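The values are calculated or read from the model by the stated rules, or taken from the named source; none is laboratory data. These figures come from a predicted structure and were not determined experimentally. A quick note on method: Cβ atoms are made from the backbone with ideal geometry, for glycine too, and the neighbour counts reach across all protein chains shown. Heads up: the accessible areas ignore ligands, DNA and RNA and are worked out on the full protein's heavy atoms, side chains in. Shrake-Rupley method; radii C 1.70, N 1.55, O 1.52, S 1.80 Å.
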Amino acid sequence: MIIRFPWTSDRIAAIAAGIGAIAFLWWFFFGGRSRRPGTRATAAPAGEGDSVTIRIEGGYDPDTVIARRGVPLTIVFDRRESSPCSDEIVMPEFGIRQSLLANGRTNVRILPARTGEFPFACGMNMLHGKIQVVEP
């Protein structure tokens, strides 16, 4: 018994729309953001350690920061939104859970004591980033 599938224009359009939706979702969630190289923290003026600015606008940009072990690091969170998801930063390795100003800048100072990769996230654990600590 052979079942024939009639290829009508509405079925072809539905299949094409489904494939397009799947491709968009794959690109949106997995499309290259995790493959970007990290941003190296730069030396702050007057020898106060290193500093890096992370823009928050639907996610962290950059989402990877490269820091030097034993060198104080100031992370400036430049939050350009008022979404409740991004109103807090959590860095478990450094014992930090700090509120961030809506449409403002908040400084967070840490001292990376050992090498490795240390994740950070928003208070709702929906936005993610990491600090990669390397030897100086």
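Rolling a 1.4 Å probe over the protein heavy atoms gives the chain an accessible area of 65 Å² per residue. Highest-first packing order for the peptide set 61-68, 87-94, 23-30, 106-113 is 61-68, 87-94, 106-113, 23-30, based on the mean count of other beta carbon atoms within 10 Å. Carbon-plus-sulfur accessible fraction, the chain (probe radius 1.4 Å, protein heavy atoms only): 59%.
Measure nothing but the geometry: give the 0 to 90° angle between the long axis through the Cα atoms of 9-30 and the longest principal axis through the Cα atoms of the chain, rounded to 10°. Tilt relative to the chain: about 10 degrees.
Once Rg and the Kirkwood radius are both taken over the C-alpha atoms of the chain, their ratio Rg/Rh works out to 1.23. Solvent-accessible surface of protein heavy atoms, probed at 1.4 angstrom with all chains present, puts Ser51, Ser9 in the order Ser9, Ser51, largest first.
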